[in-house]
Structures are given as structure tokens and as C-alpha cells.
Amino acid sequence: MGEGFFTDAAKKFMHDGAAVGKICHSTPISKINFEEGVDAIFMTGGHGTVVDYVSNPALKSAIETMYNGGKVVGTVCHGPMCLVDCVKKDGTPLVEGLEVTGFSNEEEEAVQMTSMVPFLLESKFKEQGGIYSKADSWNSKVCVAGKLVTGQNPQSSEECAKAVVKLLE
């Protein structure tokens, strides 16, 4: 991972054998009942999410169940790609009318990956009626819109997680 992407928190996690063990033996999302016993869902970022999170029926169902049930949904960096397929109870895009963020068009251009992603997140959120907000590239930015928490980039990861925890208190 390049400079700036592999944060100190990520390094700490990678050196925590118990934590890595848990993530390596996680429960498939399709096997979790999100209607009871789950208070929040958090989708991480990274370019792999542009494949794993887009057009994923199990993830779409989980997010819609959580959001429409008034529970916390958090996601950071490229993770918000998972929101573009989701809708509110009334069938409108989940991000419509909400302040959201995610990896900016400028950041995507800077890492020269615009041709590798299915869409530019900033543009897609605006297209869906989201109120896209961002910081300068590589600076932390977190948006909290009710129970939806979004973070712009790797530098936003800790602040985004803290905002999710705050909503759970």
C-alpha cells in the first residue's frame, strides 16, 4: 500500500493477530439477520470495493434494512460505492437529499484510477441527488446525515469510525 493509504491505525490492526484472525473468519453478509441484533454496519474502503460492493444484492439488502430500520450505516473512502444501488423506503436513491462524501473525483484522478472504477463516486452521488461535500484532497472529511455516516478517503477512516460509535452511544 502506498504512502498515505496505509495509516497508523491500519498498521496497528495488521499487527493485531486476534483482530486479523477474526476478519479472516468472518460471517458472510448473506448469513446475517440485519433485522434484529445488529445496531450498525460499516463498509470499509479501498479500490477492491468497486468490484465487491457494486451490484451486490446481499449488501444492498443489508444496507437498506439497516438504513430503513433507523440503524447506523457507515462507510469510508471507496466504500460508499455500496450506497449507489440502495434506496429509501419510498424508492428514491438512499443518498438523495443527504449530505454525503466519498473518494472525490480529484483524488481518483490523482491516483490515476478513473478508468478502473465503474463510476466516479462524487459524480454519481450528485447525479442521484446527494449533497456531496468534500475537503481538499487527502484531508479528512466526514458527513453525518442522520444515521448515515460517510468518510471521504483513508485519512477520514478514524473520524468516520468515531462518528459511527458516537451514534451508537
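The values are calculated or read from the model by the stated rules, or taken from the named source; none is laboratory data. Predicted model only: the values in this text are computed from it and were never measured. Reconstructed Cβ throughout: ideal geometry from the backbone, glycine too, with neighbour counts over all protein chains shown. To get the accessible areas, we keep the full protein, side chains included, count just its heavy atoms, and leave off ligands, DNA and RNA. Shrake-Rupley method; radii C 1.70, N 1.55, O 1.52, S 1.80 Å.
Mind jotting down a quarter of the surface of the convex hull over the alpha carbons of the stretch 58-104, in square nanometres, one decimal?
Numbers: hull surface 12.9 nm².
If I average the Cα hull's projected area over directions, I get 3.2 nm².
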Quiz item: Among 58, 150, 100, whose Cα sits farthest toward the positive end of the charge dipole of the chain (+1 at Cβ of Lys/Arg, -1 at Cβ of Asp/Glu, about the Cα centre)?
Solution: 58
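Once you list every other residue whose beta carbon is under 14 Å from the beta carbon of residue 9, what net charge do they have if Lys and Arg are +1 and Asp and Glu are -1?
Values: positive: 11, 12, 162; negative: 8, 16, 158, 159.
For residues surrounding residue 9, the net value is -1.
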Quiz prompt | Per residue solvent-accessible surface (Å²) - the stretch 27-125, probe of 1.4 Å | solution = 45 Å²
Exercise. Please list the non-local residues whose amide H lies under 5 Å from the amide H of residue 97, H modeled 1.01 Å from N, same-chain partners needing a gap of 5 or more.
Key: 130, 131
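For the chain, report the convex hull volume of the alpha-carbon atoms normalised per residue, in Å³, without decimals.
Numbers: hull volume 19.8 nm³, N = 169.
With only Cα atoms used, the chain gives 117 Å³ per residue.
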Quiz item: Averaged over all directions, how much area does the convex hull of the C-alpha atoms of the stretch 79-142 cover when projected, in nm²?
Solution: 4.3 nm²
Exercise. With the full set of protein chains in place, find how many percent of the accessible area of the stretch 114-169 is carbon and sulfur; take the probe as 1.4 Å.
Key: 51 percent
Self-check item: DSSP bridge pairs, the chain: antiparallel proportion in percent, nearest 5
Solution: 35 percent
Quiz item: Under the Karplus relation 6.51 cos²θ - 1.76 cosθ + 1.60, θ = phi - 60°, what is the ordered set of whole-Hz ³J(HN,Hα) values for the stretch 44-52, x standing for Gly and Pro?
Solution: 6, x, x, 5, x, 5, 5, 9, 6
Practice problem: Over all alpha-carbon pairs in the stretch 5-61, figure out the percentage whose distance exceeds 17 Å. | Solution: 54 percent
Quiz prompt | From phi via Karplus (6.51, -1.76, 1.60), per-residue ³J(HN,Hα) for the stretch 161-169 in Hz, x at Gly/Pro | solution = 4, 5, 5, 5, 4, 4, 5, 7, 6
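Using the Cβ atoms and a cut-off under 12 Å, what net charge is assigned to the surroundings of residue 167, where Lys and Arg are +1 and Asp and Glu are -1?
Computed value for this residue: +2.
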Exercise. Between the alpha-carbon centers of the stretch 33-78 and the stretch 110-169, tell me the distance in whole angstrom.
Key: 14 Å
Self-check item: Karplus 3J(HN,Hα) series, Hz, for the stretch 74-86 with 6.51 cos²θ - 1.76 cosθ + 1.60 (x for Gly, Pro)
Solution: x, 6, 9, 6, 7, x, x, 3, 5, 7, 5, 8, 8
Self-check item: Distance (nanometres) between label positions extended 7 Å along Cα→Cβ at residue 38 and residue 11
Solution: 3.3 nm
Quiz prompt | Intensity falloff of the stretch 20-103 expressed as log10 I(q)/I(0), Debye formula with alpha-carbon point scatterers, at q = 0.23 Å⁻¹ | solution = -1.27
Quiz item: Between residue 42 and residues 5 or more places away or on another chain, which pairs have amide H atoms under 5 Å apart, with H built 1.01 Å from N, and which residues are they?
Solution: 74
